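First comes the structure, then the notes that go with it.
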Amino acid sequence: MSAPRTAIRVDGATLLVRTIGYGFIGAFALVCLLPFLLVVGTSFTSESSIARHGFNLWPRVFSTFAYKIVFENPDLIIGSYWVTIGITVVGTAIGLFIVAMTGYALQRPDFHYRNQISFFIYFTTLFTGGLVPYFLLINQYLALKDNYLAVLLPGLLSPFLIIMMKSFVRSIPHAITESAKIDGAGDFTIFLRLILPMTTPALATIGLFIAIGYWNEWYNAMLFLSPDMKYRTLQLFLYGVVTSADFVKNSAAASNVDLRDLPLESMKMATAVVATGPVILLYPFVQRFFIKGITVGAVKG
Amino acid sequence: MNGPSAAAAPSDAGPAAQAIAPKSKRRTAWRTLLGNRTLLLMCLPAIAFFLVFSYLPMPGLYLAFVQYNYTDGIFKSPFVGWDNFRFLVITGDLWRLTFNTIAYNVMFILLGNALQIAVAILLNELRSKWFKKVSQSLMFLPYFISFVLIGLIAYNILSYDYGLLNGFLKMIGADPVKTYSNPHLWPFIIVVTYLWQSTGYGSIVYFAAVMGLDSEIVEAAEIDGANALQRISYIVLPWLKPTFIILLLFSLGGVLRGNFGLFYNLVGANNSALYATTDIIETYVFRSLMTNFNFSMGSAVSLYQSVFGFCVVLFANWLVKRMSPDNSLF
């Protein structure tokens with residue numbers, strides 16, 4: 001492979017493109033990384049240094065005070081963690097099962113209603129009732145205000161994920177289903193025993209999309225979980241810390257630090273690190289599933 | 001299965017058979033239903049889901065034609081016809097929201113695709129495997145995080161008192177800028193943030209397309225002495241053109257839908273100093289629901305958005321159908 005490459009003389013234009021490539025891609029990758037380091041760096045900076053010099057990539061005066069306060073009274077953050085973990089695990093399991101089941105059924109060429117149902121699902125991306133009726137429906141008619149189901153249920157499925165599943169299933173020959181049918185297996189058994197085990201890479205990808213959606217969920221939580229609830233989702237907790245100094249003061253009220261001495265700015269960053277860090281650490285391991293899903297999903301279903 | 005063939009049978013039969021057609025047709029439909037019952041049941045959870053969360057809110061758009069009050073509810077509040085829309089037009093709100101939403105989306109689509117193509121092509125030119133891998137992972141990272149964190153990062157950079165930007169401006173002796181009260185800066189900030197977040201993700205589609213290019217063609221061109229610039233402009237770019245057009249038309253269909261998470265976490269929905277350049281349909285509707293409690297006005301904007309957006313999709317689909325029939329949606 002490398003022998004013929006070196007045999008071709010690298011001319012000026014190719015060298016130029018390559019140089020621009022390394023420079024541009026390298027710079028862009030760095031720009032994508034730096035903001036994260038900025039958040040981490042600021043979280044370790046003493047508040048007085050922030051007040052004097054502003055936020056910095058590298059802490060001028062190193063301090064772990066913000067973390068000490070965040071962990072001194074960790075009840076809220078741990079509670080929010082559990083809420084988010086619970087919603088993510090339950091929601092992903094149920095959502096994944098439904099998406100896989102629907103995707104398989106809609107991809108079966110012998111399913112009489114597949115076009116009608118596909119359109120029924122697809123139409124929801126073209127025309128929506130908008131936020132106000134949606135809010136009234138969940139808040140009043142379904143009475144899910146301050147109920148974790150209001151966050152769990154709307155995140156279960158999306159047309160995009162069902163289309164993605166259909167594209168994955170399409171690569172499995174229909175003959176497998178047919179021969180199983182001849183052997184007397186029912187449709188649901190075929191799905192459960194044959195198709196599911198064959199689509200594990202697809203399930204990993206789709207499950208990840210659902211899980212990330214739940215993990216980053218703040219929108220439905222903000223709409224339907226009122227501040228009266230003690231534990232809301234992790235991102236909403238972070239939102240509170242980021243946008244409201246009162247929220248920080250309330251959540252730190254139990255700690256025995258004088259409220260005027262609270263390191264408000266570095267606490268925002270420390271909370272962000274605690275709320276996001278674990279997922280970022282997982283990221284390198286799950287990344288390839290994402291890339292696969294995007295590539296498949298882009299080929300229209 | 002036996003559905004289509006059974007349905008075709010009556011048309012072959014004589015007039016005598018047509019007399020009993022309605023009954024047998026009903027029986028055929030029933031048999032089709034029964035034959036597909038397991039697959040149908042498997043789709044039932046999804047059907048119920050979209051019925052409740054997507055279709056059930058639709059009749060609620062009737063709110064756009066009433067003067068909503070809490071005691072009368074959606075369907076018994078006084079009917080006001082087109083008054084809500086008239087109000088939106090007279091105040092100029094509708095025009096501003098439409099313009100902002102579309103202008104931002106056009107910038108997102110054009111600059112986004114250009115950058116994604118550039119990244120995909122340049123990535124393909126690199127020879128170092130680990131460099132490719134690491135840089136791709138890093139560029140993909142911003143897509144992975146929540147909008148809340150993106151808002152915090154923006155604050156980190158833009159904050160008047162502590163932000164990195166003003167720290168830099170002070171260092172070089174320039175005046176610090178009050179970003180959060182200066183509407184002219186925001187189109188730039190929002191577009192850059194969008195590109196920062198989505199370029200890595202979006203470039204994957206193009207990168208996959210570049211990888212799908214027949215390597216024999218590229219090698220033949222190399223042997224014939226084509227340099228990288230020539231390869232890119234005569235082989236790779238034309239190769240990516242259909243992908244670009246399809247993605248462009250698909251995104252055209254969503255040109256009236258705003259990215260609420262992005263705008264809300266960067267700007268907030270209630271920073272009125274920035275409305276002129278940052279208020280989009282989604283933030284307006286959100287505000288009418290949570291801040292002003294003007295449910296009818298919010299629904300009027302939503303209805304306008306859905307109907308207008310639907311027409312745009314139909315138009316985009318008509319365009320796709322003309323250019324590449326295989327890729328049309330319906």
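The values are calculated or read from the model by the stated rules, or taken from the named source; none is laboratory data. Since this is a predicted model, take the numbers as computed values, not measurements. Note that we place each Cβ from the backbone using ideal geometry, even for glycine, and neighbour counts take in every protein chain shown.
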Per the filter on region B:241-261, residues away from chain A (no Cβ under 12 Å) and closer than 25 Å to B:LEU185 by Cβ are B:VAL255
Out of A:ILE172, A:ILE195, A:ILE206, I need the residue that is closer than 27 Å to A:GLY86 by Cα and of a type in the set (Val, Ile, Thr). Which one? A:ILE206
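Residue by residue, here is whether (1) crowded, with 18+ Cβ neighbours inside 10 Å; (2) among the aromatic types (Phe, Trp, Tyr); (3) on the phi > 0 side of the Ramachandran plot holds:
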site	(1), (2), (3)
A:GLY95	yes, no, no
A:ILE98	yes, no, no
A:ARG108	yes, no, no
A:PHE111	yes, yes, no
A:ILE121	yes, no, no
A:GLN140	no, no, no
A:LEU144	yes, no, no
A:ASN147	no, no, no
State whether one or more residues within region B:125-147 are more than 24 Å from A:GLY277 (Cα to Cα), touching a residue at least 60 places away in the same chain (Cβ under 8 Å), buried (at least 16 other Cβ atoms within 10 Å of the Cβ) and facing another protein chain (nearest Cβ under 10 Å). yes
Those residues of region B:64-75 that are within 15 Å of A:LEU136 (Cα to Cα) and in a helix (DSSP H, G or I) come to a total of 4
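Per-residue answers, yes or no, for (1) more than 10 Å from chain B (Cβ to nearest Cβ); (2) of a type outside the set (Val, Ile, Thr); (3) closer than 30 Å to B:GLU222 by Cα; (4) touching a residue at least 24 places away in the same chain (Cβ under 8 Å):
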residue: A:ARG18; (1), (2), (3), (4): no, yes, yes, no
residue: A:TYR22; (1), (2), (3), (4): no, yes, yes, no
residue: A:PHE28; (1), (2), (3), (4): no, yes, yes, no
residue: A:LEU33; (1), (2), (3), (4): no, yes, no, no
residue: A:LEU38; (1), (2), (3), (4): no, yes, no, no
residue: A:SER43; (1), (2), (3), (4): yes, yes, no, yes
residue: A:TYR67; (1), (2), (3), (4): yes, yes, no, yes
residue: A:ILE77; (1), (2), (3), (4): yes, no, no, yes
Within region B:153-173, considering residues that are without any contact (Cβ under 8 Å) to a residue 60 or more places away in the chain and under 29 Å from the mean Cα position of the chain (by Cα), the one farthest from the other protein chains (Cβ to nearest Cβ): B:LEU158
Out of (1) crowded, with 19+ Cβ neighbours inside 10 Å; (2) closer than 30 Å to B:ILE121 by Cβ, the odd one out for B:PRO242 is which? (1)
Does A:ILE176 qualify as being at the interface with chain B (Cβ under 10 Å from one of its Cβ atoms) and β-branched (Val, Ile, Thr)? no
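Considering region B:282-296 alone, what residues qualify as being at the interface with chain A (Cβ under 9 Å from one of its Cβ atoms) and among the hydrophobic types (A, V, I, L, M, F, W, C)?
If the condition is that a residue be at the interface with chain A (Cβ under 9 Å from one of its Cβ atoms) and among the hydrophobic types (A, V, I, L, M, F, W, C), then B:VAL285, B:PHE286, B:LEU289, B:MET290, B:PHE295 are the ones that fit.
Every residue, every condition in (1) aromatic (Phe, Trp, Tyr); (2) modelled with pLDDT of 85 or more; (3) assigned to a helix (DSSP H, G or I); (4) on the phi < 0 side of the Ramachandran plot, yes or no:
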| position | (1), (2), (3), (4) |
| --- | --- |
| A:LEU223 | no, yes, yes, yes |
| A:SER226 | no, yes, no, yes |
| A:PHE247 | yes, no, yes, yes |
| A:GLU265 | no, no, yes, yes |
| A:VAL274 | no, yes, yes, yes |
Checking A:PHE55 against (1) of a type in the set (Phe, Trp, Tyr); (2) surrounded by 14 or more Cβ atoms within 10 Å (Cβ to Cβ); (3) more than 12 Å from every other protein chain (Cβ to nearest Cβ); (4) touching a strand residue (DSSP E or B) at 6+ places or on another chain (Cβ under 8 Å), the condition it does not meet: (3)
Here are some conditions: (1) at pLDDT 85 or above; (2) more than 28 Å from A:SER171 (Cα to Cα). A:ALA100 meets all but one. Which one does it not meet? (2)
Filter region B:78-110 for residues that are β-branched (Val, Ile, Thr) and either part of a helix (DSSP H, G or I) or surrounded by 12 or more Cβ atoms within 10 Å (Cβ to Cβ) (or both); which is modelled with the lowest pLDDT? B:VAL80
For region B:232-246, does any single residue satisfy the condition of being of a type in the set (A, V, I, L, M, F, W, C), over 16 Å from B:GLN116 (Cβ atoms) and part of a helix (DSSP H, G or I)? yes
Got a sec? Which of B:ALA21, B:ALA17, B:ALA9, B:ALA48 is modelled with pLDDT of 95 or more and surrounded by fewer than 17 Cβ atoms within 10 Å (Cβ to Cβ)? B:ALA48
Output the residues belonging to region A:96-129 that are more than 8 Å from chain B (Cβ to nearest Cβ) and hydroxyl-bearing (Ser, Thr, Tyr). A:SER118, A:THR125
